[in-house]
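A.B. asks: Quick one: this structure, given as structure tokens, is what I'll be asking you about.
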């Protein structure tokens, strides 16, 4: 039982803690798991989350920053006032829990469709696009000298990497070829300023409450690069969950996003944002292809993974809407 | 020639059974998995119904565009290569129309409720 190891761990670093209860796995693949649990404490229970790679799964996939870097980034973000859970403990070998970290549990909703439809979030929704702009500005301003070691990726390298990923699928898709040509023709080159890029900042990776964004999650694709990448990715149509006329996560307009970003003292380059939106749409399409390949060849023979393979066509229609709009 | 009912009719019968008789009995993660399973069967039914017609039209457009013959897979591979080499692009007459028609046919099978697809259908072909 994981509660035995967790109890032993919390007693060591959480003053007054006597154990844990209610451990439940929230999500998990072969290499990474998320658990929720409560720390038993005389002042009342403390909600906590464990993110870990179980023992024997230390190696992170090539694009991932790794759990140690993730913990460091979340703590930095928390200290800088970017909505983020407080990191309570980074796992050590004596915890006997694998590698990863334990953080404070932030209550709220992450399921995008609920956030976009439920009455509970109706008052928050009109403000989210602008709020997200401000949060991204804060995130892009995190001090570079305090960041963990991260891979560095500019537009030119990303195009080459996605092209390689796509060709390795051996999956001839004329619309993806068209998008790759467009990206090469519109490659903006190195950014004027390289910053921390979250890498997966979108509706679905944010904890939202009636009062707005409470936490930014899933920092595993963080890297150094063009800050406009995050502004483009949050606008990719797949993350609008049906609210296609509200580009920013289905919440609001690009103008609101940009206004929030600039009000926080940073500059937007709309042409670069558009470039990264096209790139992001293709990126999700290629990821769908990767899911299909892993479904076919890998140990995860799940129906969900198979069906994500069939979502590649949604990125094809969205790429056509971006690059070859009808009636224009 | 195989006997009937057809694969379309059989697949549809299984999907209807799962939807009407089994779905009400289960909950939680298993219910989620069942919904995915039913979605798969519905997708297969749509593909079995539509693929033959849409592939034939796709091949016809590809032949005209490329000036060559082949299976739908071979022709798609050839088009992908020519776009990659820059020999065909959006200024090539017929390319945009072909990609739109092909993509709309795919969405009709994969995700007929996808919002961008529904928007483009309202716009008319």
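A.B. asks: Looking at (1) in a strand (DSSP E or B); (2) surrounded by fewer than 16 Cβ atoms within 10 Å (Cβ to Cβ); (3) free of Cβ contacts under 8 Å to residues at least 24 places away in the same chain, which is the one condition that is false for residue A:38?
C.D. replies: Status for residue A:38: all satisfied but (2).
A.B. asks: For the stretch A:285-328, what are the residues that are in a helix (DSSP H, G or I) and more than 13 Å from chain B (Cβ to nearest Cβ)?
C.D. replies: A:286, A:287, A:289, A:290, A:291, A:293, A:294, A:296, A:297
A.B. asks: Something else about it: Residues that are at pLDDT below 95, part of a helix (DSSP H, G or I) and over 19 Å from residue A:196 (Cα atoms): does the stretch A:140-149 have at least one?
C.D. replies: Looking through the stretch A:140-149, none of the residues is at pLDDT below 95, part of a helix (DSSP H, G or I) and over 19 Å from residue A:196 (Cα atoms).
A.B. asks: Can you find, within the stretch A:166-193, the residue that is modelled with the lowest pLDDT among those that are away from chain B (no Cβ under 14 Å) and buried (at least 17 other Cβ atoms within 10 Å of the Cβ)? Explain how you work it out, then say what you get.
C.D. replies: Narrowing the stretch A:166-193 to residues away from chain B (no Cβ under 14 Å): A:168, A:187-193.
When the remaining residues are screened for being buried (at least 17 other Cβ atoms within 10 Å of the Cβ), the result is A:188, A:191.
Values: A:188: 96, A:191: 93.
The residue in question is A:191.
A.B. asks: Let me ask you something else. Taking the stretch A:97-118 as the region of interest, how many residues are loosely packed, with under 14 Cβ neighbours inside 10 Å and in a loop (DSSP other than H, G, I, E, B)?
C.D. replies: The number of residues fulfilling the criteria is 3.
A.B. asks: Applying the selection to the stretch B:84-97, what residues are within 8 Å of chain A (Cβ to nearest Cβ) and touching a residue at least 12 places away in the same chain (Cβ under 8 Å)?
C.D. replies: Listed by number, the list is empty, since nothing qualifies.
A.B. asks: Being part of a loop (DSSP other than H, G, I, E, B) and modelled with pLDDT under 95 narrows it down to one residue among B:125, B:87; which is it? Working first, answer last.
C.D. replies: Working: B:87 fails: modelled with pLDDT under 95.
From the options B:125, B:87, the qualifying one is B:125.
A.B. asks: When you check residue A:282 against the structure, is it buried (at least 21 other Cβ atoms within 10 Å of the Cβ) and at the interface with another protein chain (Cβ under 10 Å from one of its Cβ atoms), yes or no?
C.D. replies: No: the conditions fail for residue A:282.
A.B. asks: Oh, and also: Can you pull out the residues in the stretch A:224-242 that are under 15 Å from residue A:206 (Cβ atoms), in contact (Cβ under 8 Å) with a residue 60 or more places away in the chain and outside any helix (DSSP H, G or I)?
C.D. replies: Residues satisfying the conditions are A:234, A:236, A:241.
The values are calculated or read from the model by the stated rules, or taken from the named source; none is laboratory data. Since the structure is predicted, the reported quantities are computational estimates derived from the model, not experimental observations. Because the Cβ atoms are built from the backbone with ideal geometry, glycine has one as well, and the counts that use them run over all protein chains shown.
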